[in-house]
Structure formats: C-alpha cells, structure tokens
1. Only one of Ile125, Ile118, Ile85 is β-branched (Val, Ile, Thr), more than 15 Å from the chain's Cα centre (by Cα) and part of a helix (DSSP H, G or I); which?
2. For residues that are over 19 Å from the mean Cα position of the chain (by Cα) and not hydrophobic (A, V, I, L, M, F, W, C), scanning just the stretch 40-60, find the one that is surrounded by the fewest Cβ atoms within 10 Å (Cβ to Cβ).
3. For residues that are farther than 20 Å from Ile106 by Cβ and either in a loop (DSSP other than H, G, I, E, B) or small (Gly, Ala, Ser) (or both), tally how many sit in the stretch 1-35.
4. Based on what the data block shows, is Ile30 in contact (Cβ under 8 Å) with a residue 12 or more places away in the chain and within 22 Å of Ile147 (Cβ to Cβ)?
5. Quick one: which of Ala83, Ala116, Ala123 is under 26 Å from Tyr66 (Cβ atoms), among the small types (Gly, Ala, Ser), in contact (Cβ under 8 Å) with a residue 12 or more places away in the chain and touching an Asp or Glu at 6+ places or on another chain (Cβ under 6 Å)?
6. Working carefully through the options Ile37, Ile71, Ile85, Ile63, find the one that is at pLDDT 95 or above, surrounded by 13 or more Cβ atoms within 10 Å (Cβ to Cβ) and of a type in the set (A, V, I, L, M).
Amino acid sequence: MDIFFNIIVGISLSSACGFRIFIPLLIMSISSITGFIHLSTSYSWIGTYTSLFILLVATLLEISAYFIPWIDNALDFIATPIAIISGIVIMSSFVDGLPPILKWSISVIAGGFVPAFIQVSTALIRGFLSTVTVGLGNFVFSILELIASLLISILAILLPFIAIILLILLLFIIGSKKKELIVNKSV
C-alpha cells in the first residue's frame, strides 16, 4: 500500500509542476522540514533550509514573471523542459525504493508526461489568450494556474486521493480546452 500511496503523491506533486515549476518543490521542501513527508537520503537535500530558501526565491520570481504579459509566453518556452525534469525528480523521490528500471520508468512516464501535457496545454491556452486579449487575459489565467499548482501541491501532501481526483478533473478540462483551440485554429 505504501508504494501505491507514494505513486499517488508523486503523480499529484509532479503534475503541479505543469502549472508552476517551483511551487511543488517548495511545498515538498516545507513538508519535509516539518515532518509531513520523509525523503530518502538521495533526496534529503530537498528538505534542507538552504533548498527551502532557494525554492522560495525561485517560486516568487516565477510567480512574478508570469504576471507580466508577453514575458509569460517567453517563459513557457523554457518552462516546458524544466517542468518535465522537475516532475521526474519529484516522482523519482517518491518511488526511490523500487528497482531502478521500475523507478525510472514510472518517474519518466508518470512524473514527466503529466506535467509536460499540462505545461504544453497551458502554453497553448496562454498564447491564444495573448492573441485575443492582447495579453490582458493572461493575468487572470496566471492566477488560475497559481491556484491550481498550490491546491494540487498542498492536497498531494495532506489528502493525496483528493489531489488525484482534482488532477483528473483538471486534465479533462485542460484537454477539452486544448482540443477547442486546435479545432478553432484549423477552421
């Protein structure tokens, strides 16, 4: 049961990287320092005060940058690979006790694919909003992404099964919006 629980927590936290890269890592760091989660020795660096400070600064910079029209679009270009890497790191920290082939397969597939899908989808939606609203709608969209990342990250630690249900719902909504944008672009 522990590994199943860890996979649910890992998928939930890693998926939140698709909305904001550093928030899930910051929540993970805070959770480790306060004793809510226990990280293996390989990932204990995440639960240090140095990491907490660095992740806090990175989170504040990331959040601030996404509120600046057109900069947010530029950030999407570099955020996509970083979200994937962060998701893989987070996922691998929760399945650290598995045999290496299983650990890295789960980490790359579950920890990398979900944040990639979310990040690419939100980048597409943000690009559409930038075009339609001349960047003014991006402010509201950035708030929604921030809330989604915070909510999923916190729920992943406190109520992981609720987090995964919320994640599935958000993936469905994002997927349908992405499909609408693709269909509308081709028409």
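The values are calculated or read from the model by the stated rules, or taken from the named source; none is laboratory data. Since the structure is predicted, the reported quantities are computational estimates derived from the model, not experimental observations. Every residue, glycine as well, gets a Cβ built from its backbone with ideal geometry; the counts of neighbours run over all protein chains shown.
1. Criteria check complete, one pass: Ile125.
2. Thr41
3. Counting residues in the stretch 1-35 that are farther than 20 Å from Ile106 by Cβ and either in a loop (DSSP other than H, G, I, E, B) or small (Gly, Ala, Ser) (or both) gives 7.
4. For Ile30, the condition - in contact (Cβ under 8 Å) with a residue 12 or more places away in the chain and within 22 Å of Ile147 (Cβ to Cβ) - is met.
5. Sole residue among the options that is under 26 Å from Tyr66 (Cβ atoms), among the small types (Gly, Ala, Ser), in contact (Cβ under 8 Å) with a residue 12 or more places away in the chain and touching an Asp or Glu at 6+ places or on another chain (Cβ under 6 Å): Ala123.
6. Ile85
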